[in-house]
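Every number here is computed from the coordinates shown, using simple stated rules; none is lab data. Values in this document were obtained by computation on a predicted structure and should not be read as measured data. A quick note on method: Cβ atoms are made from the backbone with ideal geometry, for glycine too, and the neighbour counts reach across all protein chains shown.
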Amino acid sequence: MKKRFLSLFFSFFSVLTIVYTQAVSAYTLEDATSLYNLGIDFYSQNQVQKSMEYFKKAISIDPKFYEAYYNLAQIQASYGYLDSAIKSYEKVVQLKPDDYESVYELARLLYKRGYLSKAISYLDKIPLNEDIYTQVLTLENKIKKRQAELIAAQKQKEQEQVQLQNKIDETTPVNDTQFKSNVVVNLKAPSGVAADSQGNVYAASFSENKVYRISPDGTKSVYVESVNLGGPVGIVIDEFDNLYIANYTKNNILKVTSSGVISEFAKLKKPYCIAIDRVKKNLIVSEQDSNNILKFEL
């Protein structure tokens, strides 16, 4: 990296004195610089949390303090606070769009968090003549490879589902003692299904990025169609007819109220199956990326 932590020639103790003797008066841009240098002093003493705290204080006084945002982003990324680092780097790039090293770092963190398309959009901003362009191409190839893997995995899953259903249809004998079934509606790549207290059936279509509602009389309508929807898989409905969607490719759980208001309920990587523990009022979700089962309070 080209940048380094740069002290502005204030000692730790002189800065400390300036900061605390101005508690009564209004803060100025000089105060922001003092707080910034105090953050650097703390970092040099391996007091990382205090270092980040004082960079944030400097930013609160001067929201355009580019160096404070940059150093904060570097620390956050180094110590694993990836989501926070992404937000800080976004501010760095906003303040200085031609800081292409920061643009690259932002794209790299977005890739690590699974935001592949967004990472590509930032890499596209870096000119071909930049020194880091070799790194840009390497990261871009990794992202495109991962995107191709996800598409192939989804196609494979859809094929396996079709093959399994065909096998069931071929091997299941038809006799008078079987339970009878009816085709409610035809959907493209149906995944999760659920029913509400009014007898409406809801079905997610993974490939269409939609959730349909089928009324008791068989009428089909689109219930959820939003840019926030990406690869819906499992769905479930609570006792208040709120719908929860395992949003596979968007890495989150969406909540849709009975009045149609959409919000992000939880963020996790590759959510798949979803259920409700109605006794303990918990939402239970399988996270395919980590092979974990997660529980959230409703």
Check your understanding: Looking at the chain, which longest stretch skips every one of the trypsin sites (Lys or Arg not before Pro) that is in a DSSP loop with at most 14 other Cβ atoms within 10 Å, leaving the sites themselves out?
Key -> 65-179
Revision key, fill the gap. If Leu116, Leu106 are placed from fewest to most neighbouring beta carbons inside 10 Å, the sequence is Leu116, Leu106
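Which FRET efficiency value, to the nearest 0.05, is calculated for Glu170 and Cys273 with the Förster distance at 30 angstrom and r the Cβ-Cβ distance?
Numbers: r = 26 Å, r/R0 = 0.87.
The computed FRET efficiency comes out at 0.70.
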Review point. For the cross-link pairs Lys157/Lys210; Lys87/Lys255; Lys157/Lys220; Lys188/Lys269; Lys56/Lys145; Lys56/Lys118, which exceed 29 Å when the distance is taken from alpha carbon to alpha carbon?
Key: Lys56/Lys145
Practice item. Taking 7 Å along the Cα-to-C-beta vector as the label spot, tell me the Lys87-Gln198 distance in nanometres, rounded to one decimal. Key: 3.7
Practice item. Rank these for me by crowding, Asp277, Asp31, going from fewest to most other beta carbons within 10 Å. Key: Asp277, Asp31
**Study point:** Pairwise label distance in nanometres, Asn282 with Ile262, each label 7 Å out on the Cα-Cβ vector
**Key:** 2.9
Revision key, fill the gap. When Leu29, Leu109, Leu72 are arranged by how many other beta-carbons sit within 10 Å of their Cβ, fewest first, they go Leu29, Leu109, Leu72
Review point. Which entries in Lys91/Lys142; Lys50/Lys112; Lys270/Lys295; Lys91/Lys112 show an alpha-carbon gap greater than 23 Å?
Key: Lys91/Lys142; Lys50/Lys112
Practice item. For every other residue with a beta carbon closer than 14 angstrom to the beta carbon of Ile86, add +1 if it is Lys or Arg and -1 if Asp or Glu, then tell me the sum. Key: +4
Point to revise | As computed over region 12-145, the Cα convex hull volume per residue (Å³) | key: 109
**Study point:** Between helix 29-44 and the chain: long-axis angle, C-alpha atoms, 0 to 90°, nearest 10
**Key:** 80
Review point. Using just the C-alpha positions of the chain as equal point scatterers, what log10 of I(q)/I(0) does the Debye formula give at each q in 0.07, 0.08, 0.13 1/Å?
Key: -0.43, -0.54, -1.01
Exercise for review: Place a +1 charge on the Cβ of each Lys and Arg in region 217-273 and a -1 charge on the Cβ of each Asp and Glu, then give the dipole magnitude about the Cα centre in debye, rounded to the nearest 20.
Suggested key: 420
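Would you mind working out the magnitude of the charge dipole of the chain relative to its Cα centre, with +1 at each Lys and Arg C-beta and -1 at each Asp and Glu C-beta, to the nearest 20 Debye?
On the way: 36 positive and 34 negative charges, 63 e Å.
Once rounded to the nearest 20, the dipole reads 300 debye.
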